Amino acid sequence: MSKVFVVDSTKQPLNPVHPGRARLLLKHGKAAVCRHCPFTIILKRAVEQPTLHPLRIKVDPGSKTTGIALVNDESSEMVWAAELTHRGQQIKRDLGKRRAARRNRRQRKTRYRAPRFQNRRKRKGKLSPSLESRICNVVTWVCRLMRLCPITAISQELARFDTQALEQPASQSVEYQHGQLSGYEVKEYLLLKWNYQCAYCDGSSVPLELDHISPRSRNGSNRVSNLTLACTPCNQRKGNRDVREFLQDDPARLARILAHLKAPLRDAAAVNATRWELNTRLKALGLPVEGGSGGLTKYNRVMRGLDKTHWLDAANVGRSTPASLIIKDIVPWHIMATGHGSRLMCRMDKYGFPRTGPKQHKRVHGFQTGDLVRAVVTSGTKQGTYVGKVAVRTRGSFNITTAQGLVTDIHHRFCVLIARSDGYSYQQRKEAALPPTA
Ligand SMILES: [Zn+2]
């Protein structure tokens with residue numbers, strides 16, 4: 001199990017404890033439950049000048065899912081992990097729908113409307129709503145965790161690969177020059193530059209190998225400007241021939257490859273605007289932020305023999321990663337951004353006309369869609385105990401989504417509130433196979 005967060009009666013974050021210890025504290029009445037997700041207990045006394053073991057929060061931002069890990073750098077112990085699923089696609093779809101309905105409404109022959117165009121001003125550096133939501137999700141979670149445990153540093157995967165390491169291999173450390181680390185950076189760079197395709201047959205989703213344009217056996221260099229990617233069959237067919245010799249029957253492809261070889265990778269492709277914006281906002285939180293490259297993360301993860309998951313990637317971000325990570329019994333939380341309901345005033349039909357009456361109040365009998373509730377039904381066909389997210393109905397009978405499935409028509413008088421909806425849904429499930437602890 002992941003550890004349990006502890007705060008004292010003044011809400012000061014303390015060291016996370018083992019779930020067994022948390023259970024004892026709760027049993028003896030020394031603490032109470034503060035939050036269910038992530039599970040946090042609150043002590044019934046204030047702790048003056050506690051001895052805190054500082055934690056580092058590590059983030060691997062992704063477009064769909066972001067990995068988050070809390071690591072104690074001193075003891076190399078992983079304390080907590082989560083995978084945060086964003087809702088960028090949903091936001092994009094919803095805004096597209098709204099745009100279509102508004103366009104439809106404007107085009108209708110109703111009355112004269114003066115043309116309105118070019119009356120929107122875009123702030124410089126403004127990100128699209130879907131990207132903005134991803135950044136906000138991560139910042140929200142970093143802030144939340146900072147309130148629950150003693151975090152003193154942040155690590156973030158910043159770039160796909162380390163451009164400096166590619167350009168000036170000599171200025172780097174011994175590890176970079178002689179070790180395999182540079183290999184990971186180079187591969188990452190080439191994958192992006194050659195669009196994850198074999199240069200000779202355009203095959204994608206096949207294992208790709210490094211290929212020297214001018215072969216090593218003919219004094220071709222190891223620099224990235226002499227490297228491309230090829231699938232195994234193409235690489236073997238090419239053998240130790242020069243590319244000009246290999247592609248003499250296909251001058252169009254040869255010209256394309258040689259032109260692409262010279263072109264440097266565009267900055268836009270290498271630098272991800274979202275990650276830099278996230279970096280700026282994390283720095284604004286006042287903690288030291290360490291950046292790492294994707295190549296370094298992969299190198300760290302492979303060296304420690306760990307599986308590829310978002311949360312394990314997050315644990316391996318940056319140079320501060322301990323030599324041997326202790327990941328015993330960690331069960332990552334699966335956190336999904338769900339938003340806070342819809343702003344539509346009423347539902348529309350496919351032509352954009354109102355289909356339902358105006359939306360009623362969000363709260364029904366003190367409950368709101370998304371709240372975590374426990375329902376103990378004592379009589380009738382639905383007898384039993386159900387815990388899950390509630391979907392409210394104005395008539396007073398709710399639907400509850402439990403781990404076992406959807407239960408419909410539970411009357412509100414059976415329901416007890418556990419936690420208010422906070423824009424996220426939570427699940428904690430065991431991975432198929434936990435990685436060995438190196
Ligand atoms: Zn090929």
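The values are calculated or read from the model by the stated rules, or taken from the named source; none is laboratory data. Because the structure is predicted, anything quoted here is derived from the model rather than measured. Glycine also receives a Cβ, built like all others from the backbone with ideal geometry; neighbour counts cover every protein chain displayed. The accessibility values were calculated without ligands, DNA or RNA, using every heavy atom of the protein model including side chains. Shrake-Rupley method; radii C 1.70, N 1.55, O 1.52, S 1.80 Å.
Can you tell me how many residues in the stretch 187-210 are free of Cβ contacts under 8 Å to residues at least 40 places away in the same chain and within 9 Å of the ligand (Cβ to nearest atom)? Walk me through how you get there before you give the answer.
Pass one, the stretch 187-210, residues free of Cβ contacts under 8 Å to residues at least 40 places away in the same chain: 190-191, 195-198, 201-210.
Subsequent filtering for residues that are within 9 Å of the ligand (Cβ to nearest atom) retains 197-198, 201-203, 206, 208.
The number of residues fulfilling the criteria is 7.
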Revision key, fill the gap. Screening LEU306, LEU287 for residues that are surrounded by fewer than 22 Cβ atoms within 10 Å (Cβ to Cβ), in contact (Cβ under 8 Å) with a residue 12 or more places away in the chain and in contact with a helix residue (DSSP H, G or I) (Cβ under 7 Å, 6 or more places away or on another chain) leaves only LEU306
Practice item. May I ask you to verify whether LYS298 is more than 16 Å from the ligand (Cβ to nearest atom), touching an Asp or Glu at 6+ places or on another chain (Cβ under 9 Å) and either part of a helix (DSSP H, G or I) or open to solvent by 30 Å² or more (accessible area, probe 1.4 Å) (or both)? Key: yes
Exercise for review: Six or more apart or on different chains, Cβ under 7 Å: which pairs go from a residue in the stretch 385-413 that's touching a residue at least 24 places away in the same chain (Cβ under 8 Å) to one that's open to solvent by 30 Å² or more (accessible area, probe 1.4 Å) and among the aliphatic types (A, V, I, L, M)? Could you list them?
Suggested key: LYS389/LEU372
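Every residue in the stretch 2-18 that is exposed (fewer than 14 other Cβ atoms within 10 Å of the Cβ) and not hydroxyl-bearing (Ser, Thr, Tyr), please. Spell out how you get there, then give the answer.
Pass one, the stretch 2-18, residues exposed (fewer than 14 other Cβ atoms within 10 Å of the Cβ): 9-11, 18.
Matches in the stretch 2-18: LYS11, HIS18.
Hand me the list of strands (runs of 3 or more DSSP E) wholly inside the stretch 22-119 holding 1 or more residues that are surrounded by 12 or more Cβ atoms within 10 Å (Cβ to Cβ) and without any contact (Cβ under 8 Å) to a residue 40 or more places away in the chain. Walk me through it before giving the result.
On the way: elements: 31-35, 40-43, 55-60, 65-72, 77-85.
Answer list for the stretch 22-119: 31-35, 40-43, 65-72.
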Review point. Residues ASP249, ASP329, ASP307: which one is under 30 Å from PRO215 (Cα atoms) and of a type in the set (Asp, Glu)?
Key: ASP249
Practice item. Inspect the stretch 327-346 for any residue being farther than 29 Å from ARG105 by Cα and among the hydroxyl-bearing types (Ser, Thr, Tyr) and give the result as yes or no. Key: no
Revision key, fill the gap. SER155 vs (1) farther than 24 Å from ASN316 by Cα; (2) away from the ligand (no atom under 16 Å from the Cβ); (3) modelled with pLDDT of 85 or more: all pass except (1)
Check your understanding: For the subset of the stretch 211-237 comprising residues that are within 10 Å of the ligand (Cβ to nearest atom) and in contact with a strand residue (DSSP E or B) (Cβ under 7 Å, 6 or more places away or on another chain), which member is nearest to TYR196 (Cα to Cα)?
Key -> LEU229
Exercise for review: Considering each of LYS109, LYS58, LYS97, LYS92 in turn, give the residue that is modelled with pLDDT under 95 and under 22 Å from the mean Cα position of the chain (by Cα).
Suggested key: LYS92
